[in-house]
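See structure below.
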Amino acid sequence: MAPRRQLTAFERSIPDYRKRILISLARALILPPLLTFLVFSLCRSPSIWFSLPLVFLSIPISIGLRSQYTLWSQDREAARLGAHPITRVRGRWPGNLDIVLRLLKSFESGYVLQGFADLFAEYGCTTLNTRFFWDDQIISMDEKLFRFVAHTGFAHFEKGILWHERIDKLLGTGLFNAEGNQWRIGRQIARPFFTKERISDFHIFEQTSSKALNLISNRAAAYQPIDVQDLLQRVTLDAASLFLWGPPLNTLDQPLTQPGRVVLGPKGSAPADGGGEWDVFTDAFETVAVLITRRGVQGDTWPLLELFKDKTEEPIQVIMDWLEPLVRQALSRKAKRREANADAKISIRDDDSVFLDYLADQTDDVEHIRYELITFLIASRDTTSSLLTFVIYFLALHPDVCSRLREEVLDTFGEMGSPTFEHLKKMEYLRAVLKETLRIFPSAPLVARTSRDESLVIPGTTKLYLPPKTQIMMSSLLAHKRPDLWGADVEAFRPDRWFDPALLNKVTQTPFMYSPFYGGPRVCLGQEFALNQAGYFIVRLLQRFQSFSFAPEFMPAGSLPPAHWAGLPGRQGIEKIHPAINFTLHSKVRGTSFCGRVG
Ligand SMILES: *[C@@H]1O[C@H](CO)[C@@H](O)[C@H](O)[C@H]1NC(C)=O
């Protein structure tokens with residue numbers, strides 16, 4: 001085994017999940033019997049046959065009493081504030097274990113987030129307290145709550161200790177993970193890089209699109225299938241590498257995979273034995289995404305399964321080792337620049353400047369720069385490839401939408417014209433297709449926040465009371481599918497809804513009913529970048545090709561929707577892929593993912 005590396009200062013500050021779970025186990029399982037035993041020994045209890053059962057019974061009794069006391073004191077606090085407690089889930093088994101198991105099953109084989117949707121339907125509300133293992137944990141699809149958490153009540157929330165426990169080793173001091181001042185500074189530094197001038201620098205998009213189109217052409221000529229998700233992840237990964245650090249990864253220079261003959265990584269990238277230098281990296285990258293998502297799905301108790309081994313440690317090491325030389329090179333480039341001119345700074349106006357050099361100008365902290373690179377890599381690769389994958393999915397599912405969009409593309413740019421920022425912005429149907437895709441399949445379907453150490457009443461709602469230090473999971477995906485907000489055809493993919501003045505008005509009045517990019521001060525920085533990149537790619541694609549079809553014969557069971565979905569109501573009954581969540585939304589992978597043909 002390789003020697004363990006020295007922990008960084010930041011890593012030493014990460015909350016220790018083992019300590020937390022052991023303390024709470026001791027509190028629940030050891031302390032009560034011990035106390036009972038002590039009491040009995042002091043009282044010289046009559047017989048061991050009388051005291052022994054009580055010693056054991058003390059465990060459930062104390063859990064029950066503590067839980068009842070918490071509920072009682074929360075209800076009292078809520079009443080004092082003139083508010084109502086959030087509806088609590090009441091399962092049949094202790095700690096709502098039956099519901100936990102139901103949810104875990106649904107995460108594996110059910111429709112995406114259907115487990116939550118079923119709970120909301122059962123209780124007839126949009127915010128619930130799951131009380132899994134007697135703990136408060138809020139799930140919500142209430143746009144008023146989103147608005148408070150993301151925007152009007154921003155200062156009352158943070159990512160929270162449970163989040164940090166799960167994710168800190170990967171995202172560290174990066175922008176996505178940072179809190180308070182560190183976040184403010186990180187955001188200030190990054191923002192200029194996403195201004196209009198920067199993100200309308202389209203040569204990155206041209207370079208990656210044209211390579212991808214050539215790959216598609218070869219396949220299309222022979223009417224051979226393409227693993228769409230794999231291709232699009234290469235597009236966004238190569239673009240991200242150009243934008244973030246310069247030397248491109250060139251994953252698009254490799255031939256496309258043969259659907260059915262290779263086994264792709266958990267989120268659908270090329271296999272680890274593909275021979276490319278990036279394979280090891282993306283494999284580790286996807287493995288971590290799956291592991292960390294699994295922790296989230298398991299809830300507070302995930303440390304029980306990782307008591308002896310932190311499963312993320314090895315893949316994270318691979319990622320860090322891979323990025324380190326890039327960072328060191330950037331730092332030595334900086335040193336050279338400074339040698340020539342003491343206050344040389346990278347100008348963001350310079351088209352060739354990359355994010356890494358720009359970051360290196362601000363700090364010499366190798367760790368921090370690495371965390372920031374990972375953050376922006378996830379943010380730019382996984383999300384945009386998710387959006388593009390689902391756009392192409394919908395174009396295959398709805399040929400009428402495809403031909404109308406193609407008409408708009410040809411009207412605007414002809415068969416060869418290069419997309420420009422101004423013209424992309426004016427393509428109304430394209431915008432509607434992108435919006436509608438992100439409505440049904442938001443790339444980040446679930447966002448978590450934790451309240452600080454204070455009781456809160458959530459304004460706008462029916463005066464819901466939120467206990468201190470409580471984690472909230474907000475699902476944009478479910479809010480985007482509420483018939484009471486969107487109308488009866490909410491499950492249908494219908495870009496035309498984005499031309500309905502009544503709906504547009506409603507979305508303006510109720511901004512958080514549609515929040516694919518989150519909102520408030522932590523709204524997605526790369527929103528325009530992503531929309532430009534996706535728009536550019538689609539224009540180029542439709543200039544060359546006119547139809548897309550599914551190739552289910554190349555999709556093994558596991559990446560196709562399960563048989564039992566057929567005929568069920570809603571999207572579940574019509575879907576031709578299996579949407580899954582690992583950090584971001586993607587098409588589920590079993591060897592291959594979403595395969596199609598282009599004509
Ligand atoms: C994450 O990805 C893995 C592998 O593709 C899949 O089995 C799992 O269901 C996904 N997780 C969720 C919550 O969808």
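The values are calculated or read from the model by the stated rules, or taken from the named source; none is laboratory data. What you see is a predicted model; the values in this text were computed from it and never measured. Note that we place each Cβ from the backbone using ideal geometry, even for glycine, and neighbour counts take in every protein chain shown. When the accessible area is computed, the model is the full protein with side chains, heavy atoms only, and any ligands, DNA or RNA have been set aside. Shrake-Rupley method; radii C 1.70, N 1.55, O 1.52, S 1.80 Å.
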Residue pairs meeting the criteria (Cβ under 6 Å; at least 6 apart or on separate chains; first free of Cβ contacts under 8 Å to residues at least 60 places away in the same chain, in segment 585-597; second within 9 Å of the ligand (Cβ to nearest atom) and open to solvent by less than 20 Å² (accessible area, probe 1.4 Å)): K588/S559; K588/H578; K588/A580; R590/S559
Output for segment 574-599, where each listed residue is open to solvent by 30 Å² or more (accessible area, probe 1.4 Å) and either away from the ligand (no atom under 12 Å from the Cβ) or in contact with a helix residue (DSSP H, G or I) (Cβ under 6 Å, 6 or more places away or on another chain) (or both): I574, K576, F583, R597, G599
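Listed here are the residues, each with its yes/no results for (1) within 16 Å of the ligand (Cβ to nearest atom); (2) in a loop (DSSP other than H, G, I, E, B); (3) not assigned by TED's automatic domain parsing to the domain that holds L388.
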| site | (1), (2), (3) |
| --- | --- |
| R219 | no, no, no |
| L256 | no, yes, no |
| G260 | no, yes, no |
| V297 | yes, no, no |
Matching residues in segment 489-516 - criterion: being of a type outside the set (G, A, S) and free of Cβ contacts under 8 Å to residues at least 40 places away in the same chain: D489, V490, D500, P501, L503, L504, N505, K506, V507, T508, Q509
Unique residue being more than 20 Å from P483 (Cβ to Cβ), open to solvent by less than 50 Å² (accessible area, probe 1.4 Å) and free of Cβ contacts under 8 Å to residues at least 60 places away in the same chain when the list is I138, I99: I99
Qualifying positions in segment 584-599 - within 24 Å of the chain's Cα centre (by Cα) and either basic (K, R) or more than 13 Å from V112 (Cα to Cα) (or both): K588, V589, R590, G591, T592, S593, F594, C595
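Out of everything in segment 111-127 that is without any contact (Cβ under 8 Å) to a residue 60 or more places away in the chain and farther than 16 Å from G296 by Cβ, what residue ends up being least open to solvent (accessible area, probe 1.4 Å)? Don't jump to the end; show me each part of the working.
To start, the set of residues in segment 111-127 that are without any contact (Cβ under 8 Å) to a residue 60 or more places away in the chain comprises 115, 118-119, 121-125.
In the following step, the residues that additionally are farther than 16 Å from G296 by Cβ were identified as 118-119, 121-125.
Numbers: D118: 69, L119: 1, A121: 79, E122: 108, Y123: 67, G124: 67, C125: 31 Å².
Within segment 111-127, the match that is least open to solvent (accessible area, probe 1.4 Å) is L119.
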Selected residue [modelled with pLDDT of 90 or more, small (G, A, S) and either outside any helix (DSSP H, G or I) or open to solvent by less than 20 Å² (accessible area, probe 1.4 Å) (or both)] from A344, A330, A335, A272: A330
Failed condition for V523, given (1) within 30 Å of L175 (Cα to Cα); (2) more than 16 Å from the ligand (Cβ to nearest atom); (3) β-branched (V, I, T); (4) surrounded by 15 or more Cβ atoms within 10 Å (Cβ to Cβ): (4)
P561 free of Cβ contacts under 8 Å to residues at least 40 places away in the same chain and within 16 Å of the ligand (Cβ to nearest atom): yes
Pairs where the first residue, in segment 342-366, is in contact (Cβ under 8 Å) with a residue 12 or more places away in the chain and the second is open to solvent by 80 Å² or more (accessible area, probe 1.4 Å), C-beta under 6 Å, 6+ apart: D361/K345
Subset of segment 299-315 that is over 13 Å from F583 (Cβ atoms) and within 15 Å of the ligand (Cβ to nearest atom) - its residue that is most open to solvent (accessible area, probe 1.4 Å): K311
In segment 555-566, the residues that are over 22 Å from the mean Cα position of the chain (by Cα), open to solvent by 20 Å² or more (accessible area, probe 1.4 Å) and at pLDDT 90 or above: P562, A563, H564, A566
Test: residue in segment 429-447 that is closer than 30 Å to L81 by Cβ, among the aliphatic types (A, V, I, L, M) and touching a residue at least 12 places away in the same chain (Cβ under 8 Å): yes
Selection count where residues are on the phi < 0 side of the Ramachandran plot and open to solvent by 70 Å² or more (accessible area, probe 1.4 Å), scope segment 13-67: 28
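With respect to A150, determine if the residue is over 27 Å from E491 (Cβ atoms) and among the small types (G, A, S).
Here the answer is no, as A150 does not meet what is asked.
Return yes or no: is A534 within 13 Å of the ligand (Cβ to nearest atom) and either of a type outside the set (S, T, Y) or open to solvent by less than 40 Å² (accessible area, probe 1.4 Å) (or both)?
no
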Evaluation of D279 against (1) surrounded by fewer than 18 Cβ atoms within 10 Å (Cβ to Cβ); (2) free of Cβ contacts under 8 Å to residues at least 40 places away in the same chain; (3) not in a loop (DSSP other than H, G, I, E, B) (one fails), failing number: (1)
